[in-house]
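Q: Sharing a structure, written as structure tokens. Questions coming.
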Amino acid sequence: MDRTVDFIAIGSGAAAMSAALRAHDLGAEVLLLEATDRYGGSTAMSGGVCWVPNNPHMAAAGVPDRPEDALTYLRNIVGESTPDEILRTYVSESRRMVEYLEEKSAVRFEALEKYCDYYPEVEGGRPGGRSMECTPYDGRELGAEFARIRPPHPQSQVMGIFGLTAREAHTLLSNTWRSKVLLIKRLLAAALHLPARKKWGRDPRLTAGNALIARLRRSLMDRGVELSLSTVVQELIIDDGRVVGVVAERDGTKQRIGARKGVLLSAGGFSRNKAMRQEHQPSPITDEWSAGNLRSLGDGHRMGVAAGGRLVHMDKAWWTPTIRIPRQELAWVIVVEKNLPHSIMVSDAGQRFTNEAAPYLDVVQGMYAAEAAPAWMLFDASFRRNYPVGPLAPGYAVPDKRVSKKFLHGFLKKADTLTDLAAAMEVPAQALLGTVERFNGMVDAGVDTDFGRGESLSDRYYGDPRVQPNPCLGRIQTGPFYALRVYPGDLGTKGGLVVDTHGRVLAGDGAPIPGLYAAGNCAAPVMGRTYPGAGGTIGPAMVGGFLAAEAAAENESGRGDA
Ligand SMILES: Cc1cc2nc3c(=O)[nH]c(=O)nc-3n(C[C@H](O)[C@H](O)[C@H](O)COP(=O)(O)OP(=O)(O)OC[C@H]3O[C@@H](n4cnc5c(N)ncnc54)[C@H](O)[C@@H]3O)c2cc1C
């Protein structure tokens with residue numbers, strides 16, 4: 001070996017950083033190896049919401065929880081796609097991890113009391129509070145490392161300048177006096193940050209995934225944990241069946257780095273690996289509809305399988321409908337737009353196929369089930385006037401005449417009549433007109449008898465509260481009309497290596513592979529084929545890393561795994 005440490009975590013996302021922090025506190029010498037020149041992975045680009053049932057903030061937020069309710073909920077929605085012991089471990093250990101991080105590190109969460117579980121009506125569900133986010137963080141506290149954090153997804157930046165917390169974003173969308181006051185407050189703060197923006201090239205008030213990663217990074221810096229950027233882990237070093245280190249490449253030089261206590265595969269998913277996607281996932285599929293990190297190439301999966309691990313749920317992703325914006329590298333997710341009134345989604349046959357306001361994972365699954373991928377989102381002038389759509393601010397603030405035609409038509413179709421729109425979409429006009437007429441009839445009755453849009457509290461979270469009785473339903477009647485191509489996109493992939501409750505990678509015979517751990521999107525998803533609530537991927541990624549570090553710490557100088 002060129003050098004040897006106790007514990008290596010591959011990557012620098014939620015899973016890797018949580019593991020590194022815990023491993024260090026248990027006395028290990030830790031090394032984080034990140035392939036890119038920025039740390040944070042998809043986690044830094046994300047909403048940063050973390051789903052932890054019965055978390056320590058829920059009672060104060062007015063939504064008390066109980067472990068037995070959380071377990072009932074998870075059993076109901078996850079079913080048998082995840083072993084029960086993994087669900088039980090998640091319920092008990094996720095709270096312990098939050099308590100630990102808040103006591104020992106710079107990580108600070110608050111519960112989002114109105115952000116409901118995605119299936120709140122299912123027994124054990126909660127109307128809010130299990131989804132948490134980190135409080136904002138001043139990036140300048142990171143010193144020079146502020147320049148190296150992976151930037152947030154562009155769609156989370158207001159006017160491309162500053163980010164919002166999940167709570168603020170929800171308030172802004174409500175379009176009330178409160179939202180206007182909040183916008184003014186945030187604009188003023190951004191103006192005051194002008195000197196810092198000049199120095200750092202971005203606003204220093206970090207929110208969402210950037211706040212989470214910055215807080216973890218600060219905590220690791222306080223501990224002196226080493227993070228090596230631009231270092232690609234290429235393969236595992238295996239000695240007599242035990243993983244004892246990695247081969248990593250940096251600046252064209254290969255290094256063999258030993259790990260006495262273990263190696264954590266925490267390199268994220270494979271959403272940017274087109275070949276893997278086409279091998280495992282439903283058709284049509286590509287890597288270009290993903291909103292996540294470009295370095296999610298499935299390296300962890302490949303290395304885990306080479307060491308004897310096995311993969312499950314490879315056909316699934318953290319699906320979300322996405323759109324493509326001209327000159328943008330990353331797809332944009334449309335989790336808000338799809339719930340708002342005066343819009344529907346249709347297939348190329350001009351038919352609705354699902355409850356558009358359902359959890360985003362279900363919308364894409366509905367798209368595939370109906371062979372409607374990619375689909376269309378269709379909306380009218382009322383929608384365009386009142387609501388944001390992708391990068392376009394609501395029409396009352398930025399009307400079409402102030403948007404360049406090239407840009408506007410680069411990602412949406414527009415026509416004065418539905419018949420003309422159907423022609424532009426190359427969708428049968430009669431079918432489309434019939435679908436809209438039927439939908440408008442249901443809007444008048446206030447009930448979507450076809451798909452139940454707006455029935456769940458979860459649908460209504462991003463509805464328009466000013467529209468009653470159903471904040472997700474509005475007639476599609478005022479021209480001009482618009483259509484947007486909607487893809488079966490994702491926030492990352494789900495399938496990964498089978499692990500036990502300690503994050504140990506299991507071989508085909510069910511025995512742990514000595515020295516090898518996996519967490520985050522490299523590992524089999526705790527949530528199986530579903531998505532319990534906002535934060536359902538980052539929560540398990542952090543807990544998985546945390547538990548793997550604890551298990552690795554028990555290894556005696558690289559022998560005799562716990
Ligand atoms: C726009 C957006 C919003 C989202 N919002 C949320 C949300 O609010 N809540 C939620 O729960 N989830 C959300 N997600 C999903 C979530 O971000 C991811 O599922 C999660 O962050 C994955 O964490 P991870 O630690 O597994 O991987 P990542 O955070 O992706 O980290 C993996 C790291 O490994 C590095 N890497 C890859 N290969 C190698 C290699 N060979 N050697 C070294 N390093 C390597 C990568 O560069 C990357 O930095 C969102 C995703 C997106 C894109």
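Q: I'm checking my understanding of the structure. Among residues of the range 30-45 that are in a strand (DSSP E or B) and hydrophobic (A, V, I, L, M, F, W, C), which one is farthest from the ligand (Cβ to nearest atom)?
A: Start the filter on the range 30-45 by keeping residues that are in a strand (DSSP E or B), which leaves 30-33, 39.
So of that shortlist, the ones also hydrophobic (A, V, I, L, M, F, W, C) come out as 30-33.
Working: Val30: 15, Leu31: 11, Leu32: 9, Leu33: 5 Å.
Residue satisfying both the conditions and the ranking: Val30.
Q: Of (1) closer than 20 Å to Arg384 by Cα; (2) β-branched (Val, Ile, Thr); (3) free of Cβ contacts under 8 Å to residues at least 24 places away in the same chain, Thr449 satisfies all except one. Which?
A: Going through (1) closer than 20 Å to Arg384 by Cα; (2) β-branched (Val, Ile, Thr); (3) free of Cβ contacts under 8 Å to residues at least 24 places away in the same chain one by one, Thr449 breaks only (1).
Q: Run Leu484 past the list (1) open to solvent by less than 20 Å² (accessible area, probe 1.4 Å); (2) within 16 Å of the ligand (Cβ to nearest atom); (3) within 27 Å of Leu294 (Cβ to Cβ) and report the number of the one that doesn't hold.
A: Checking Leu484 against (1) open to solvent by less than 20 Å² (accessible area, probe 1.4 Å); (2) within 16 Å of the ligand (Cβ to nearest atom); (3) within 27 Å of Leu294 (Cβ to Cβ), the one that fails is (2).
Q: Please work out if Ile325 is more than 30 Å from Ala552 (Cβ to Cβ) and under 15 Å from the mean Cα position of the chain (by Cα). Even if it seems obvious, please write down each step before you answer.
A: Values: more than 30 Å from Ala552 (Cβ to Cβ): yes; under 15 Å from the mean Cα position of the chain (by Cα): no.
Considered against the rule, which asks whether it is more than 30 Å from Ala552 (Cβ to Cβ) and under 15 Å from the mean Cα position of the chain (by Cα), Ile325 comes out as no.
Q: So if I check each of Arg202, Arg250, which one is of a type outside the set (Phe, Trp, Tyr), within 11 Å of the ligand (Cβ to nearest atom) and on the phi < 0 side of the Ramachandran plot?
A: Working: Arg202 fails: within 11 Å of the ligand (Cβ to nearest atom).
Matching residue, one of Arg202, Arg250: Arg250.
Q: Which one of Gly48, Gly13 is within 11 Å of the ligand (Cβ to nearest atom), touching a Ser or Thr at 6+ places or on another chain (Cβ under 6 Å) and closer than 25 Å to Phe270 by Cβ?
A: Within the list Gly48, Gly13, the selection yields Gly13.
Q: Let me ask you something else. Of the conditions (1) at pLDDT below 95; (2) surrounded by fewer than 15 Cβ atoms within 10 Å (Cβ to Cβ), Leu188 clears all except one; give me its number.
A: (1)
Q: Now a separate question. Out of Arg295, Arg277, Arg256, Arg272, report the one residue that is farther than 29 Å from Ile334 by Cα and among the basic types (Lys, Arg).
A: Arg256
Q: Just one of the numbered conditions (1) within 29 Å of Gly11 (Cα to Cα); (2) of a type in the set (A, V, I, L, M, F, W, C); (3) open to solvent by less than 10 Å² (accessible area, probe 1.4 Å); (4) within 16 Å of the ligand (Cβ to nearest atom) is not true of Cys116; which one?
A: For Cys116, the exception is condition (1).
Q: Pairs please, first residue from the range 265-290 and free of Cβ contacts under 8 Å to residues at least 24 places away in the same chain and open to solvent by less than 50 Å² (accessible area, probe 1.4 Å), second anywhere and β-branched (Val, Ile, Thr) and within 16 Å of the ligand (Cβ to nearest atom), Cβ atoms under 6 Å, 6+ apart in sequence or on different chains.
A: none
Results for (1) closer than 19 Å to Gly304 by Cβ; (2) touching a Cys at 6+ places or on another chain (Cβ under 7 Å); (3) part of a loop (DSSP other than H, G, I, E, B); (4) of a type in the set (Lys, Arg), shown as yes or no for each residue.
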{"position": "Gly510", "(1), (2), (3), (4)": "yes, no, yes, no"}
{"position": "Tyr517", "(1), (2), (3), (4)": "yes, no, no, no"}
{"position": "Asn521", "(1), (2), (3), (4)": "yes, no, no, no"}
{"position": "Ala534", "(1), (2), (3), (4)": "no, no, yes, no"}
{"position": "Gly539", "(1), (2), (3), (4)": "no, yes, no, no"}
{"position": "Leu547", "(1), (2), (3), (4)": "yes, no, no, no"}
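Q: I'm checking my understanding of the structure. Among residues of the range 493-550 that are over 23 Å from Gln365 (Cβ atoms) and within 11 Å of the ligand (Cβ to nearest atom), which one is most open to solvent (accessible area, probe 1.4 Å)?
A: Gly544
Q: Would you be able to say whether some residue in the range 359-375 is out of contact with any Phe, Trp or Tyr (no Cβ under 8 Å at 6 or more places or on another chain) and open to solvent by less than 30 Å² (accessible area, probe 1.4 Å)?
A: no
Q: Give the range 253-275 a look and list any residue that's closer than 23 Å to Gly544 by Cβ and more than 13 Å from the ligand (Cβ to nearest atom), or say none. Break it down stepwise before answering.
A: Within the range 253-275, the first condition is being closer than 23 Å to Gly544 by Cβ, and the residues that meet it are 257, 259-273.
Within the range 253-275, Ala259, Arg260, Lys261, Gly262 meet the criteria.
Q: Report, ordered by the first and then the second residue, all pairs with beta carbons closer than 6 Å, sequence separation of six or more or different chains, a first member in the range 512-538 that is of a type in the set (S, T, N, Q), and a second member that is assigned to a helix (DSSP H, G or I).
A: That search, which allows pairs on different chains as well, returns Thr530/Ile77; Thr530/Val78.
Q: Hey, among the residues in the range 205-214 that are among the aliphatic types (A, V, I, L, M) and within 14 Å of the ligand (Cβ to nearest atom), which one's nearest to Met17 (Cα to Cα)?
A: Going residue by residue through the range 205-214, those that are among the aliphatic types (A, V, I, L, M) are 206, 208, 211-214.
Filter once more, keeping what is within 14 Å of the ligand (Cβ to nearest atom): 208, 211-214.
Numbers: Ala208: 16, Ala211: 13, Leu212: 10, Ile213: 8, Ala214: 10 Å.
So the residue we want is Ile213.
Q: Out of all the residues in the range 287-301, which are under 10 Å from Gly496 (Cα atoms) and not small (Gly, Ala, Ser)?
A: Answer for the range 287-301, where residues must be under 10 Å from Gly496 (Cα atoms) and not small (Gly, Ala, Ser): just His301.
Q: Considering only residues that are more than 13 Å from the ligand (Cβ to nearest atom) and of a type in the set (Lys, Arg), look in the range 302-336 and name the one that is most open to solvent (accessible area, probe 1.4 Å).
A: Looking at residues that are more than 13 Å from the ligand (Cβ to nearest atom) and of a type in the set (Lys, Arg), I get Arg327.
Q: Mind listing just one residue for me: the one in the range 234-247 that is within 12 Å of Ile10 (Cα to Cα) and touching a Leu at 6+ places or on another chain (Cβ under 9 Å) and, of those, farthest from the ligand (Cβ to nearest atom)? Walk me through it before giving the result.
A: Applying the first criterion (within 12 Å of Ile10 (Cα to Cα)) to the range 234-247 yields 234-236, 245-247.
Next cut, touching a Leu at 6+ places or on another chain (Cβ under 9 Å) only: 236, 245-247.
On the way: Leu236: 11, Gly245: 14, Val246: 9, Val247: 10 Å.
Of everything passing the filter in the range 234-247, Gly245 is farthest from the ligand (Cβ to nearest atom).
Q: Would you tally the residues in the range 119-150 being open to solvent by less than 10 Å² (accessible area, probe 1.4 Å), part of a loop (DSSP other than H, G, I, E, B) and of a type in the set (Val, Ile, Thr)? Reasoning before the result, please.
A: Initially, the range 119-150 is screened for residues open to solvent by less than 10 Å² (accessible area, probe 1.4 Å), giving 128-134, 139, 142, 146, 149.
Still in the running and part of a loop (DSSP other than H, G, I, E, B): 128-130.
Narrowing further to those that are of a type in the set (Val, Ile, Thr): none.
The number of residues fulfilling the criteria is 0.
Q: Then there is this: Give the range 245-257 a look and list any residue that's under 32 Å from the mean Cα position of the chain (by Cα) and in contact (Cβ under 8 Å) with a residue 60 or more places away in the chain, or say none.
A: Here is the first cut: in the range 245-257, the residues under 32 Å from the mean Cα position of the chain (by Cα) are 245-251, 257.
Across the range 245-257, the qualifying residues are Gly245, Val246, Ala248, Ile257.
Q: While we're here: Any chance you could count how many residues in the range 265-296 are within 21 Å of Arg529 (Cα to Cα) and in a loop (DSSP other than H, G, I, E, B)?
A: Final tally of qualifying residues: 19.
Q: When you scan the range 59-105, how many residues do you find that are outside any helix (DSSP H, G or I), open to solvent by less than 50 Å² (accessible area, probe 1.4 Å) and under 24 Å from Tyr461 (Cα atoms)? Even if it seems obvious, please write down each step before you answer.
A: At the first step, the residues of the range 59-105 found to be outside any helix (DSSP H, G or I) are 59-66, 82-83, 105.
Now restrict to residues that are open to solvent by less than 50 Å² (accessible area, probe 1.4 Å): 61, 63, 65, 82, 105.
Filter again for under 24 Å from Tyr461 (Cα atoms), leaving 61, 63, 65.
Number satisfying all stated conditions: 3.
Q: Any idea how many residues of the range 432-469 are crowded, with 16+ Cβ neighbours inside 10 Å and either within 16 Å of Lys338 (Cα to Cα) or touching a strand residue (DSSP E or B) at 6+ places or on another chain (Cβ under 9 Å) (or both)?
A: Counting residues in the range 432-469 that are crowded, with 16+ Cβ neighbours inside 10 Å and either within 16 Å of Lys338 (Cα to Cα) or touching a strand residue (DSSP E or B) at 6+ places or on another chain (Cβ under 9 Å) (or both) gives 20.
Q: Let me ask something else about it. Kindly indicate whether Arg108 is open to solvent by 40 Å² or more (accessible area, probe 1.4 Å), within 12 Å of the ligand (Cβ to nearest atom) and in contact with a strand residue (DSSP E or B) (Cβ under 7 Å, 6 or more places away or on another chain). So that I can check it myself, show each step before the final result.
A: Working: open to solvent by 40 Å² or more (accessible area, probe 1.4 Å): yes; within 12 Å of the ligand (Cβ to nearest atom): no; in contact with a strand residue (DSSP E or B) (Cβ under 7 Å, 6 or more places away or on another chain): yes.
The answer is no for Arg108.
The values are calculated or read from the model by the stated rules, or taken from the named source; none is laboratory data. Every value quoted in this text rests on a predicted model; they were computed, and no experiment measured them. Positions of Cβ are generated from backbone atoms using ideal geometry, with glycine treated the same way; all protein chains shown enter the neighbour counts. To get the accessible areas, we keep the full protein, side chains included, count just its heavy atoms, and leave off ligands, DNA and RNA. Shrake-Rupley method; radii C 1.70, N 1.55, O 1.52, S 1.80 Å.
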